[in-house]
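The values are calculated or read from the model by the stated rules, or taken from the named source; none is laboratory data. Everything numeric in this text was worked out from a predicted model, so none of it was measured. Cβ: placed from backbone, ideal geometry, glycine included. Neighbour counts: every protein chain shown. Please note that ligands, DNA and RNA were not included when accessible areas were found on the heavy atoms of the full protein model with its side chains. Shrake-Rupley method; radii C 1.70, N 1.55, O 1.52, S 1.80 Å.
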Amino acid sequence: MPEIFNQAEYITGESPTIETPHPQRKRFTPFSIKNDVPTHHPLGSFLIKPKRLKLNILEQDEEVILILREHPIQLLGRIFIILILIVATIIFSRFTDVSIIPQIYLSEVGLLWFLFLFGMIFERIVSWYFNTIVITDERIIDIDFFHLIYKNITSTKIDNIEDVTYSITGVLPSLLNYGNVLIQTAGAVVSMAPQQTTASIEIWNTPNPAKIVNVVNELMLQEEQEKLEGRAK
Amino acid sequence: MEPMIFSQTASFIENGGIDFIIKIFILLGFFIYFIYSLVVMVQIKRMFETISTGAEIQIFAISIIHTAVSLIALLWAFMVL
């Protein structure tokens, strides 16, 4: 007699989840981040297996290992410029005789000016949020989003990577442990930007560059291992 | 006899022509900023369809408020100018 209902569902109210991993692939966690807790914070710049992630460019069974952004200290440059402009505006209005200009014009222009300054900060923060590098167990994906009108997504498979190097230069990067990572690929990485082919992916001003290099090296070794075992996709 | 352009210019200024040009520029500035904020909102929505790490609601809310404020500023400029 066929089962009319699933017993587990009847007891707990939840459908039992059956995990069916790809028959040839195993989940791999790089040793460099094995003991690190998966990240919950959505505004981080070094996210390890982020929980609340939506990414529509992943393939089936592809697992996100890391999501990288610029170190937040890079936002301070734009914010500092905005603060200087605000202070300059206040000083200008205090020490300049603006009484000859009708008050209504001053209010309108002042409002427009502060809206513009807010727009500058917002644009910088949104650009920072969306400019990401996604490292999965199969690929490295570079998402570039400049000035809110230019979007470019570049990806390269882990087994095309030939060399990974990092550099930390400067006082602030040394103190805060952020730097640049250069990933050299075997062939040209073709991006959607017109007439642009590059044989590398560059990750600028990212936190923990040494750890990123270790993770990528481990992923490269894992790909080699999978090829030898015949488990590669 | 002075050229006509001088008398026409003087007449234009006397009749509030400079004021009119300033108002046009201010309204144009608000209008362009409103269009910019709309473009930003649409682009943010499209980018969230590509990637999001969990802050889409907050960022999109700020973008909507930003667009609303720029629209209100544009309407206010129309009313007072």
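Some points to look at:
- The strands (runs of 3 or more DSSP E) found entirely in the stretch A:132-188 that carry 3 or more residues being away from chain B (no Cβ under 12 Å) are A:150-157, A:161-167.
- A single entry from A:Leu66, A:Leu58 fulfils the requirement of being assigned to a loop (DSSP other than H, G, I, E, B) and either open to solvent by less than 50 Å² (accessible area, probe 1.4 Å) or within 12 Å of another protein chain (Cβ to nearest Cβ) (or both): A:Leu58.
- Condition met for A:Ile121 (in a helix (DSSP H, G or I), more than 12 Å from chain B (Cβ to nearest Cβ) and of a type outside the set (D, E, K, R)): no
- If the condition is being open to solvent by 50 Å² or more (accessible area, probe 1.4 Å) and of a type in the set (Val, Ile, Thr), then the stretch A:153-185 contributes A:Ile153, A:Thr165, A:Ile168, A:Thr169, A:Val171.
- Residue match in the stretch B:31-48 (condition: facing chain A (nearest Cβ under 9 Å), of a type in the set (Phe, Trp, Tyr) and within 14 Å of the chain's Cα centre (by Cα)): yes
- Helices (runs of 4 or more DSSP H) lying entirely in chain B (those with 1 or more residues that are surrounded by 13 or more Cβ atoms within 10 Å (Cβ to Cβ) and at pLDDT below 85): B:4-14, B:17-50
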